[in-house]
Amino acid sequence: ETQALEPLLEWARAVVPPTQHATTPVYLFATAGVRKMHADKRAGLMAAVRGVLTRSGFRFQPEWAHVISGTDEGVYGWVALNYAMGLLPGQQEQQEGGSSLHMLQQHLGQQGGQATAAAA
């Protein structure tokens, strides 16, 4: 169940200089799929995840891996979408302009609705 973390940790090891691994914090916010799990299974998965992250070589505290609420998930999704679209303050303005909702609608139209699950 924790094998999905390894490619992410390998990517982090490749982009973070080795001398900074021990001081670079790693956080994990579990979302809807984990929220829907039975409590015992969810607790077991989170314990396993915490073990992997503890042994990763990066800075990690067990409380940094937890299940977030649907509201928090939505907020992080909004921030990620706006970051990816270059719409956050301080980012270069997109040539197309418009609000994040407008940009999302354009993207969904171009993708034939395939991005709906990622944006919801």
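The values are calculated or read from the model by the stated rules, or taken from the named source; none is laboratory data. This structure is a prediction, so every number in the text was calculated from the model and none was measured. Every residue, glycine among them, receives a Cβ derived from its backbone with ideal geometry; neighbour counts consider all protein chains shown. The protein model used for the area step is the full one, side chains on, heavy atoms only, and it has no ligands, DNA or RNA in it. Shrake-Rupley method; radii C 1.70, N 1.55, O 1.52, S 1.80 Å.
Can you classify the range 26-73 as rounded, prolate or oblate using the Cα gyration tensor, where a ≥ b ≥ c are the square roots of its eigenvalues, rounded means a/c under 1.5, and otherwise it's prolate if a/b beats b/c and oblate if not?
oblate
Of all the accessible heavy-atom surface of the range 7-73, with the other protein chains kept in place and a 1.4 Å probe, what percent is carbon and sulfur?
Carbon and sulfur together cover 59 percent of it.
Given a Förster distance of 30 angstrom, what is the FRET efficiency for residue 21 paired with residue 41, based on the Cβ-Cβ distance and rounded to 0.05?
0.45
For residue 56, what residues show an amide H to amide H distance below 5 Å, using hydrogens built from the backbone and excluding near sequence neighbours?
Those qualifying (amide H under 5 Å, at least 5 residues apart or on another chain) number zero.
With only Lys, Arg, Asp and Glu charged, each at its Cβ (+1 for the first two, -1 for the last two), find how big the charge dipole of the range 1-96 is about the Cα centre; round to the nearest 20 debye.
400 debye
Express in nm, to one decimal, how much length is gained between residue 9 and residue 72 on full extension, taking 0.36 nm for each residue of separation and deducting their alpha carbon distance.
20.3 nm
Sort the range 1-91 into rounded, prolate or oblate with this rule: let a ≥ b ≥ c be the square roots of the eigenvalues of the Cα gyration tensor; rounded if a/c is under 1.5, and if a/c is not under 1.5, prolate when a/b is larger than b/c, oblate otherwise.
It comes out oblate by the Cα gyration axes.
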